Amino acid sequence: MNLKIDHSSSTPLHSQAEKLIRELISREEYQNGKLLPSEVDLSQQLGISRNTLRHSINKLVNEGLLIRRKGYGTKVATKGISGRAKNWLSFSQEMKALGIAVCNFELHVGWQIPSPDVASFFGIKPDTRVLTLERLRGKENFPFVYFISWFNPEIGITGNDDFSHPLYEILEEKYHVKATLSYEEISAIKATPFLCQKLEINSDEPVLFRKRYVYDENKRPIEFNFGYYRGDSFVYTVESERK
């Protein structure tokens, strides 16, 4: 496949590279396990920097399409058994559907230097401060989830908002940003002392960890979210349709 970047185009280089890599990994040989060309070879062929290329690859890694191992290379992720959740909801909407009144026990807003994963997801410079929202939430007298959200600086969110209201309603109504697509990773982790204190659990109790990548209708990344749930309070249900 002849991979070519249009350097005269107004489309950002990393977006063009991402599109080309998506096309590349759809080929049969890469679907069957062939390693992608090295970053050095790909960046030279495309005529872009390795940092620009790495940003594009990181996005596909975050989406679960690619697996990258140091000293080995990058390959297409093997497709296992998975469920696709349709009509995903915000936490407030989830609780409303269950007839549970949401309580906010703690709420912290600030501007922070993000981790490399967050910076890569948004495609920003590592030293760019992003708005960070941390919330301890649950139902009356029972906190059961701790959320940490980072927001893309592009959307213009200031932090001077009433975050007791549903987050995605705030983004849509005030900032005209509609959350339409979510990729999620769910795993069980050992409770840290910090989580034990926040969720009021013992160190031997399980915590369900949900990582969520949220995009708007143009597939622009808008939110990177961590959710830590008490293991005795959350069941993740996936509805699948067989055709």
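Just so you know, all these numbers are worked out from the coordinates, no wet-lab data involved. Model, not experiment: these values are computed from the prediction. Don't worry about glycine lacking a Cβ; one is built from the backbone with ideal geometry, like all the others, and counts go over all protein chains shown.
Would you list I57, I67 from fewest to most Cβ contacts within 10 Å?
If I rank by nearby Cβ atoms, fewest first, I get I67, I57.
Could you work out Rg/(2.2 N^0.38 Å) for the stretch 91-230, with Rg from alpha carbons only?
Normalised by 2.2 N^0.38 Å, the Cα Rg of the stretch 91-230 equals 1.05.
I need the GluC sites (Glu not before Pro) found in the stretch 90-165, filtered to DSSP loop residues with at most 13 other beta carbons within 10 Å of theirs.
Sparse-neighbourhood loop GluC sites (Glu not before Pro): E140.
Looking at the P(r) of the chain, how many percent of alpha-carbon pairs lie beyond 34 Å?
Above the 34 Å cut-off, the chain has 24 percent of its Cα pairs.
Most mobile of Y175, Y146, Y229 per a Gaussian network model of the chain (Cα springs, under 10 Å)?
So, out of Y175, Y146, Y229, the one fluctuating most is Y175.
Tilt of helix 50-62 relative to the longest C-alpha principal axis of the chain, in degrees (0 to 90, nearest 10)?
Tilt relative to the chain: about 50 degrees.
Using the charge dipole of the chain (Lys, Arg: +1 at Cβ; Asp, Glu: -1 at Cβ; taken about the Cα centre), state which of I157, A188, L42 has its Cα farthest towards the positive end.
Going by the charge dipole, the pick is L42.
What is the spin-label model distance, in nm, from I189 to E172 if the labels are put 7 Å beyond Cα along the C-beta direction?
The answer from the label model is 2.9 nm.
Calculate the FRET efficiency for R27 and K125 from the Cβ-Cβ distance with a Förster distance of 30 Å, rounded to the nearest 0.05.
Approximately 0.35, to the nearest 0.05.
Mind pulling the angle between the C-alpha long axis of helix 13-25 and the longest principal axis of the chain? Nearest 10 degrees, somewhere in 0 to 90.
In the chain, helix 13-25 runs at an angle near 80 degrees to the longest axis.
Quick one: putting +1 on the C-beta of Lys and Arg, -1 on the C-beta of Asp and Glu, what dipole do you get for the stretch 13-76 around its Cα centre, in Debye to the nearest 20?
So the dipole magnitude of the stretch 13-76 works out to roughly 240 debye.
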